[in-house]
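All remarks here apply to the structure that follows.
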Amino acid sequence: MTPLSELALGQQFPAGALYIVATPIGNVADITVRALHVLGLVDRVAAEDTRNTSQLLSRYGISKPTIAVHEHNERSAAEHVIAHLRHGERIACVSDAGTPGISDPGAKLVDAVREAGFPVIPLPGASALTTALSVAGAWVHTFSFIGFLATKPKQRDTQLQSLLTHTPALVFYEAPHRIVETVQALGRAFGGERRLLIARELTKLHECIHCCTLAEGPTWLAGDANRQRGEFVLVVEGAPQQEAADDAHDALLATLLEELSVSSAARLAATLTGASRNALYTRALAMDKARAEKARE
Ligand code: SAM
């Protein structure tokens, strides 16, 4: 059988290219053979935190010059990276943990390097997003990645309201100091019945994966102070299909009723959506009555 290290070599690793390399999200052993090969091969490493990355690389017996590429300097650092690429260097980009560009620096560097005409090559690996989803179960068939919610309560709640009728499951990242508040806000916005997966400290010593409902989430977190510590991924069940469809139908009927009679609006809405004409007629009639009553007030 071909050794893994040889398989890692069975690919081109062109010079003058940027390699986006996923690193572990906890357990230092969660790195791919290809990632180690590329980290050993590159001329330098663009890193979110150069000290953290140098320490991580030393665990693998690798030492490389680094370039700091973080949230506050990504565009200017990109120029620096591009200058090295012009000299034919291979450069790896890593973040503090997991996959660069996923709630982490990396995306702007990718844009700038591609715009400058150099190849950008992905090396897949750990991400808290896919790690949590891999143990969520069959209730998550489609999902949307939201990442960190706004930190200001008003903005966060507006964001959550805009997701109210979204049917795919929602994936959030959260920090320990906001976890209780965020789970409470999710319950207030979406109601207590939807499923919630709390994935804490994935791949680490105190890894914990708990499934409950949004109503049960705050009580579970309050059950032990340790449950509020560490890093979190939250997966929340999406809106029920029927509810989402009802909301979309209401919006359509409201627009049509501005120009058409109840029966014409229901007929057109049924043609456009494929939904039952009778059900839409009943709904349109109720909406029309409510509108007429409001106008009389
Ligand atoms: N780029 C990373 C990735 O691919 O997942 C994410 C970086 S983001 C700055 C950090 C957030 O990811 C944490 O606040 C937490 O929400 C989530 N996260 C990272 N590592 C985690 C872990 N081991 N367990 C649970 N969540 C984690």
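The values are calculated or read from the model by the stated rules, or taken from the named source; none is laboratory data. Please read these numbers as outputs of a predicted model, since none were measured by experiment. Neighbour counts are summed over all protein chains in view; Cβ atoms, including those assigned to glycine, are modelled from backbone coordinates with ideal geometry. Keep in mind that these areas ignore ligands, DNA and RNA; they rest on the heavy atoms of the full protein, side chains included. Shrake-Rupley method; radii C 1.70, N 1.55, O 1.52, S 1.80 Å.
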## Note on the structure
So the carbon and sulfur contribution to the accessible area of the chain, 1.4 Å probe, in percent, is 52 percent
### Query
If you take the C-alpha gyration tensor of region 142-268, multiply each eigenvalue by 5 and take the square root, what semi-axes do you get, largest first, in whole Å?
36, 13, 12
### Query
Of Met287, Leu260, Ala270, whose Cα points farthest to the positive end of the dipole of region 250-296 (charges on the beta-carbon: +1 Lys, Arg; -1 Asp, Glu; origin at the Cα centre)?
Met287
## Note on the structure
Measuring from the longest principal axis of the C-alpha atoms of the chain, the long axis of helix 262-273 (C-alpha) lies at a number of degrees, nearest 10, equal to 30 degrees
### Query
When averaged across all projection directions, what area in nm² does the alpha-carbon convex hull of region 250-296 cover?
2.8 nm²
## Note on the structure
If each K or R counts +1 and each D or E counts -1, the residues other than Gly187 whose Cβ falls under 15 Å of its Cβ total -1
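Please report, to one decimal in angstroms, the Kirkwood hydrodynamic radius of region 63-166 built from all distinct Cα-Cα pairs.
One decimal place: 16.4 Å for the Kirkwood radius.
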#### Entry: Scattering curve values for the chain, log₁₀ I(q)/I(0), Debye with Cα scatterers, q = 0.08, 0.13 Å⁻¹
-0.52, -0.97
### Task
Check the straight Cα-Cα distances from Lys204 and name the lysines below 30 Å, setting aside those fewer than 8 residues away within the same chain.
Lys64, Lys108, Lys152
## Note on the structure
Per the rule of 0.36 nm per residue minus the C-alpha distance, extending Ala107 to His210 adds in nm 33.9 nm
### Summary
Label model pair Thr50, Ala295: point-to-point distance (7 angstrom along the Cα→beta-carbon line) in nm is 7.0 nm
### Query
Going toward the positive end of the dipole of region 129-236, with +1 on Lys and Arg Cβ and -1 on Asp and Glu Cβ, which of Phe190, Gln228, Ala150 do you reach last?
Ala150
### Message
Give me the percent relative contact order of region 103-209, please, defined on Cα pairs under 8 angstrom at least 6 residues apart.
### Response
22 percent
